[in-house]
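One structure, pasted below without further comment.
The values are calculated or read from the model by the stated rules, or taken from the named source; none is laboratory data. Predicted model only: the values in this text are computed from it and were never measured. Note that each Cβ is placed from the backbone with ideal geometry, even for glycine, and that neighbours are counted across all protein chains shown.
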Amino acid sequence: MPYTIYDVNTAPAAARDILAAAGRTYGFVPNLLGCMADAPALLKAYATLSRLFDETSFSATERQLVLLTPAPLEIKALFAAGGYGPQQALEVVPGVGMKTLSNYTNHLAGTPLDEAFTGSAWTTAA
């Protein structure tokens, strides 16, 4: 099933404000968000979780670490080793929720790499 990558002008009306805000923040609309725009409730959920995750006690670097860590058990081990407490353990949950939404969307849609990152694209070993 083909998925459309929308921009601010082509997206469903309910998704346009979020895509416009992303464009202002990043300088472009990420393909993930453009794809999510086909289901405005999904896009709104992702944007809301992102905003709430930004309100946690984690630094921007720590939030990225949570988003990039592949499994909750690994996060738990990192937290135990790093001396984080119960608050931070629970604050991981919105980050895991964000990652779940993005992973499922990318899996379903086969979201292409954003043009801004093509210079850093993964390649297979020759």
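Within region 1-16, track down each residue that is at pLDDT 95 or above, out of contact with any Cys (no Cβ under 6 Å at 6 or more places or on another chain) and in a loop (DSSP other than H, G, I, E, B).
The answer is Thr4, Tyr6, Asp7, Val8, Asn9, Thr10, Ala11, Pro12.
Right, something else. Pick out the one residue from Leu67, Leu19, Leu32 that is in a helix (DSSP H, G or I), closer than 15 Å to Thr100 by Cβ and modelled with pLDDT of 95 or more. Before you say what the answer is, go through the steps one by one.
Numbers: Leu67 fails: modelled with pLDDT of 95 or more; Leu19 fails: closer than 15 Å to Thr100 by Cβ.
That would be Leu32, the only listed residue that is in a helix (DSSP H, G or I), closer than 15 Å to Thr100 by Cβ and modelled with pLDDT of 95 or more.
Please find, among Thr56, Thr111, Thr10, the residue that is of a type outside the set (Asp, Glu) and out of contact with any helix residue (DSSP H, G or I) (no Cβ under 8 Å at 6 or more places or on another chain). Walk me through it before giving the result.
On the way: Thr56 fails: out of contact with any helix residue (DSSP H, G or I) (no Cβ under 8 Å at 6 or more places or on another chain); Thr111 fails: out of contact with any helix residue (DSSP H, G or I) (no Cβ under 8 Å at 6 or more places or on another chain).
On inspection, the qualifying residue turns out to be Thr10.
Identify the residue in region 71-126 that is among the aromatic types (Phe, Trp, Tyr) and over 14 Å from the mean Cα position of the chain (by Cα) and, among all such residues, is farthest from Thr56 (Cα to Cα). Let's see the steps before the verdict.
First pass over region 71-126, keeping only residues among the aromatic types (Phe, Trp, Tyr): 79, 84, 104, 117, 122.
Within this subset, residues satisfying the condition of being over 14 Å from the mean Cα position of the chain (by Cα) are 79, 84, 117, 122.
Working: Phe79: 15, Tyr84: 13, Phe117: 28, Trp122: 31 Å.
Among them, the one singled out is Trp122.
If only one of Thr56, Thr48 is more than 17 Å from Thr111 (Cα to Cα), at pLDDT 95 or above and outside any helix (DSSP H, G or I), which one is it?
Details: Thr48 fails: outside any helix (DSSP H, G or I).
Result of the check over Thr56, Thr48: Thr56.
Here are Ala21, Ala45: which of them is closer than 24 Å to Thr118 by Cα and surrounded by fewer than 16 Cβ atoms within 10 Å (Cβ to Cβ)? Give the derivation first.
Working: Ala45 fails: closer than 24 Å to Thr118 by Cα.
Result: Ala21 is the single residue among Ala21, Ala45 that is closer than 24 Å to Thr118 by Cα and surrounded by fewer than 16 Cβ atoms within 10 Å (Cβ to Cβ).
Surrounded by 10 or more Cβ atoms within 10 Å (Cβ to Cβ), at pLDDT 95 or above and not in a helix (DSSP H, G or I), is that true of Thr105?
Spelling it out, it is not the case that Thr105 is surrounded by 10 or more Cβ atoms within 10 Å (Cβ to Cβ), at pLDDT 95 or above and not in a helix (DSSP H, G or I).
Answer yes or no as to whether Thr118 is assigned to a helix (DSSP H, G or I) and either touching a helix residue (DSSP H, G or I) at 6+ places or on another chain (Cβ under 8 Å) or buried (at least 18 other Cβ atoms within 10 Å of the Cβ) (or both). Give the steps one after another, and end with the answer.
Working: assigned to a helix (DSSP H, G or I): yes; either touching a helix residue (DSSP H, G or I) at 6+ places or on another chain (Cβ under 8 Å) or buried (at least 18 other Cβ atoms within 10 Å of the Cβ) (or both): no.
Considered against the rule, which asks whether it is assigned to a helix (DSSP H, G or I) and either touching a helix residue (DSSP H, G or I) at 6+ places or on another chain (Cβ under 8 Å) or buried (at least 18 other Cβ atoms within 10 Å of the Cβ) (or both), Thr118 comes out as no.
Before we move on, is Ala116 of a type in the set (A, V, I, L, M) and farther than 20 Å from Asp54 by Cβ? Even if it seems obvious, please write down each step before you answer.
Values: of a type in the set (A, V, I, L, M): yes; farther than 20 Å from Asp54 by Cβ: yes.
Criteria met by Ala116.
Here are some conditions: (1) farther than 21 Å from Tyr104 by Cα; (2) surrounded by 18 or more Cβ atoms within 10 Å (Cβ to Cβ). Arg63 meets all but one. Which one does it not meet?
Result: Arg63 fails condition (1) only.
What pairs can you find where one residue is in region 5-28 and touching a residue at least 60 places away in the same chain (Cβ under 8 Å), the other is polar (S, T, N, Q), and their Cβ atoms are less than 7 Å apart, with a gap of 6+ or different chains?
Within 7 Å, the pairs are Ile5/Asn31.
Determine the pairs where a residue that is touching a residue at least 12 places away in the same chain (Cβ under 8 Å), located within region 79-102, has a partner that is surrounded by fewer than 16 Cβ atoms within 10 Å (Cβ to Cβ) and in a helix (DSSP H, G or I) with Cβ atoms under 7 Å apart, the partner being 6 or more residues away or on another chain.
Final answer for the pair search is Phe79/Ala89; Pro94/Leu52; Gly95/Leu67; Val96/Pro72; Met98/Leu67; Lys99/Leu67; Leu101/Ala45.
Scanning for something part of a loop (DSSP other than H, G, I, E, B) and not aromatic (Phe, Trp, Tyr), does region 92-99 turn up at least one residue? Break it down into steps so the answer makes sense when it comes.
Of all residues in region 92-99, those part of a loop (DSSP other than H, G, I, E, B) come to none.
No, region 92-99 contains no residue that is part of a loop (DSSP other than H, G, I, E, B) and not aromatic (Phe, Trp, Tyr).
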